[in-house]
Amino acid sequence: MDRRVRQEALALTEAGYEVTVVSPNAAEIPELETSVDGVRVLRFPAPPDGRGAVGYAREYLLSFVRMRRVLRRLRKERFTAVVACNPPDFLIHLARPFARHGAGLVFDLHDPSPELFQAMFQRRGLIYRVLVAIERWAERTADVVITVNEPCAELVRERGRVPADRVFVLVTCPDPRHFFPVEARPELRRGKQHLVLWYGSMSRKENLPLLVDAADELVTRQGRADIGFAVVGLGDVRDELQADIDRRGLADAVFLPGLADDSMLRQWLATADVCVSLDGHSPMNDRSLMVKVLEYMAVGRPVIQFPLREMRRVCGDATVYAENGDARDLAAKLRELIDDPERRSRLGEAARRRVHDGLTWPDQVPTLLTAVERAAALRNGHKSTRISRRTAEVRNEGLNS
């Protein structure tokens, strides 16, 4: 589930828009047409997940072709705006027929694709330069660009040469309606006294082996059989990670319970003693805002993460920082926090206050509405426009129920 797309769609619906989201389906959501909280959702068959540069290109191209078939059904409908969410950046091409009929074009830059490529494949070269060119074209095709934080907005203004008045920062933040404290469920600890939590999409770039290394250090080498580790979510490295856990004899300490809906996620958060984020230094990550960290903080959980530039700016001293990519230091920081409940409590409360001081989703909604209104006005040659009734979101990974 892409939480940002869901939040945007629901916020626009609550503001009076009729919203259509086009996205791939999933094995657990086979329906190709449905409604979610008043949002019309049209899905196309998701292509197989790509691996390697060629695999990702194939996945994106298949998504492009299948999404275009769905959008052809909508050609006779009139929209106030179309929001195209990357990656890939060239999805905005699918919105151009609607623009010819007056729909404002909004490019929602979730991740800068050139930096994403560099982070995944540890190189730049020709593909990187092509991605920069496509990104610039997408940004200049759009009437306005929205993006996730100020470092990405700076890229849009400088590399994309988009005027500042057409660039909007829309931070992906926790929604207090979904992230709030609930009662802990001790049985989730599986007999352990303490619980460390990570959740998200289990992909290679999430550095999950580092958490297994830290668990091995604490449980095997230091004898901390009182600590359990929950890695919640699904993804293409899950089987590989489980095999590594079994090989090390850590199955009793590190468990992979699978996907969790919002209700179950709240229970995991309430039960965890410490939450972790494992994203390491890279040009992309140092510009990124790690949403899971804000979600941990929103419910008052103490957090350990690596010292990424943007995350240090946002979180300040409300979280603990381990040495980048160092599993032993991560283990040491975990041990210190687990053995100091008073410090955990102080950090959790500081984290909660920091998020609720301007970093929740309701704080961002006015920016979203202004951006959509501005795009529609620019497309139609006006300085302002009233909030109209229809908008569509195009996303390669979209709204799920």
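The values are calculated or read from the model by the stated rules, or taken from the named source; none is laboratory data. Note that the structure is predicted; figures quoted are calculated from it, not measured. No Cβ is skipped: glycine too gets one built from the backbone with ideal geometry, and neighbour counts run over all protein chains shown.
In region 132-191, of all residues being surrounded by 20 or more Cβ atoms within 10 Å (Cβ to Cβ) and acidic (Asp, Glu), the one that is nearest to Ala225 (Cα to Cα) corresponds to Asp175. Residues that are modelled with pLDDT under 95 and of a type in the set (D, E, K, R) were ranked within region 184-233; the one that is nearest to Leu330 (Cα to Cα) is Glu206.
Taking the conditions (1) over 21 Å from the mean Cα position of the chain (by Cα); (2) at pLDDT 95 or above; (3) in a helix (DSSP H, G or I) in turn, Val156 satisfies each one other than (1). Of all the numbered requirements in (1) assigned to a helix (DSSP H, G or I); (2) under 30 Å from Pro30 (Cβ atoms), Val82 misses one, and that requirement is (1).
Answer yes or no as to whether Gly280 is on the phi > 0 side of the Ramachandran plot and either in the same structural domain as Tyr321 (by TED's automatic domain parsing) or touching a residue at least 40 places away in the same chain (Cβ under 8 Å) (or both). Criteria not met by Gly280.
Of note, Arg69 does not satisfy the criterion of being among the basic types (Lys, Arg), over 24 Å from the mean Cα position of the chain (by Cα), in the same structural domain as Ile134 (by TED's automatic domain parsing) and part of a loop (DSSP other than H, G, I, E, B).
Of all the listed residues (Val145, Val162), the sole one being in contact with a strand residue (DSSP E or B) (Cβ under 6 Å, 6 or more places away or on another chain) and free of Cβ contacts under 8 Å to residues at least 24 places away in the same chain is Val162. Restricting attention to region 40-48, does a residue exist that is crowded, with 21+ Cβ neighbours inside 10 Å, closer than 22 Å to Ala133 by Cβ and at pLDDT 90 or above? No, every residue in region 40-48 fails to be crowded, with 21+ Cβ neighbours inside 10 Å, closer than 22 Å to Ala133 by Cβ and at pLDDT 90 or above. Just one of (1) modelled with pLDDT of 90 or more; (2) among the charged types (D, E, K, R); (3) out of contact with any helix residue (DSSP H, G or I) (no Cβ under 6 Å at 6 or more places or on another chain) fails for Asp89. It is (3).
Out of the residues in region 1-60 meeting the condition of being part of a loop (DSSP other than H, G, I, E, B) and of a type in the set (D, E, K, R), tell me which one is nearest to the chain's Cα centre (by Cα). Looking at the filtered set, the residue picked out is Asp2. For Asp286, the conditions (1) in a helix (DSSP H, G or I); (2) modelled with pLDDT of 95 or more are fulfilled apart from (2). Where strands (runs of 3 or more DSSP E) fall wholly inside region 224-276, the ranges with 3 or more residues that are among the aliphatic types (A, V, I, L, M) and crowded, with 18+ Cβ neighbours inside 10 Å are 227-232. Using the structure shown, decide if Ala322 is over 20 Å from Leu10 (Cα atoms), free of Cβ contacts under 8 Å to residues at least 24 places away in the same chain, buried (at least 17 other Cβ atoms within 10 Å of the Cβ) and not β-branched (Val, Ile, Thr). Yes: the conditions hold for Ala322.
Conditions tested, residue by residue: (1) touching a residue at least 40 places away in the same chain (Cβ under 8 Å); (2) exposed (fewer than 15 other Cβ atoms within 10 Å of the Cβ).
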position	(1), (2)
Arg51	yes, yes
Ala57	no, yes
Val65	no, yes
Arg68	no, no
Leu74	yes, no
Thr80	yes, no
Ala84	yes, no
